[in-house]
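The values are calculated or read from the model by the stated rules, or taken from the named source; none is laboratory data. All values reported here derive from a predicted model rather than from experimental measurement. With ideal geometry, Cβ positions are generated from the backbone for all residues, glycine too; neighbour counts draw on all protein chains shown.
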Amino acid sequence: MPLKIELKPHESIIIGESLITNDGERTRFYIEGNVPILREKFIMREKEANTPSKRVYFIVQQMYLTRGDKQYQNLYIEYIKDLQAAAPSLIPYTRPISECILKADYYGAIKNAGKLLQVEDERFGEMLKETL
């Protein structure tokens, strides 16, 4: 069964390794096959990865899009260590991400990384905004 995607005007989506941006009109299309897909609201650009949790999310996103490229796994370990040093209270939220990565469930890992971002924002949001 194909996946139906509807894009708003000027909305972007990543399909595989390609960033696709819609023109000025709403568009609907269908995707068949097994390829990583990220809608715009879940896409984090590298320049936006400016906190420990955002760096973890960004690298998990890259792992999802490349289906677990080893270079990103090494960066993930580095970023998790940085996060644990910067905010030990977030360690429990990293465990589900790591468990998904160990099972090569990168979609699950990115969903759990999204939860990590929410918790970081709830706990440290104002403080982070002041330092950036």
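Among the residues of segment 108-123, not one is exposed (fewer than 13 other Cβ atoms within 10 Å of the Cβ) and in contact (Cβ under 8 Å) with a residue 40 or more places away in the chain.
Taking helices (runs of 4 or more DSSP H) that fall entirely within segment 42-132, which contain at least 3 residues that are among the acidic types (Asp, Glu)? Talk me through it step by step, then tell me what you get.
On the way: elements: 52-66, 70-86, 91-102, 106-131.
Ranges flagged: 106-131.
When the criteria are applied in full, Val35 meets the requirement of being in a loop (DSSP other than H, G, I, E, B) and in contact (Cβ under 8 Å) with a residue 12 or more places away in the chain. Name the residues in segment 19-58 that are under 21 Å from Ala109 (Cα atoms) and among the hydroxyl-bearing types (Ser, Thr, Tyr), would you? Of everything in segment 19-58, those that are under 21 Å from Ala109 (Cα atoms) and among the hydroxyl-bearing types (Ser, Thr, Tyr) turn out to be Thr51, Ser53, Tyr57.
Going by the conditions given, is Glu11 in contact (Cβ under 8 Å) with a residue 12 or more places away in the chain, surrounded by 12 or more Cβ atoms within 10 Å (Cβ to Cβ) and acidic (Asp, Glu)? Criteria met by Glu11. Being within 27 Å of Asp121 (Cα to Cα) and outside the structural domain of Leu116 (by TED's automatic domain parsing) holds for only one residue in Pro96, Pro52, Pro36, Pro9, and it is Pro36.
What tally of residues in segment 88-103 results from selecting those that are under 14 Å from Tyr57 (Cβ atoms) and in contact (Cβ under 8 Å) with a residue 24 or more places away in the chain? It would help to see each step written out before you state the result.
To start, the set of residues in segment 88-103 that are under 14 Å from Tyr57 (Cβ atoms) comprises 90, 93-94, 96-98, 100-101.
Next cut, in contact (Cβ under 8 Å) with a residue 24 or more places away in the chain only: 90, 93-94, 97, 101.
The total comes to 5.
Residues to consider are Leu65, Leu83, Leu128, Leu132; find the one that is within 17 Å of the chain's Cα centre (by Cα), farther than 19 Å from Ile43 by Cα and at pLDDT below 95. Outline the logic, then answer.
Details: Leu65 fails: farther than 19 Å from Ile43 by Cα; Leu128 fails: within 17 Å of the chain's Cα centre (by Cα); Leu132 fails: within 17 Å of the chain's Cα centre (by Cα).
Of the residues listed, the single one that is within 17 Å of the chain's Cα centre (by Cα), farther than 19 Å from Ile43 by Cα and at pLDDT below 95 is Leu83.
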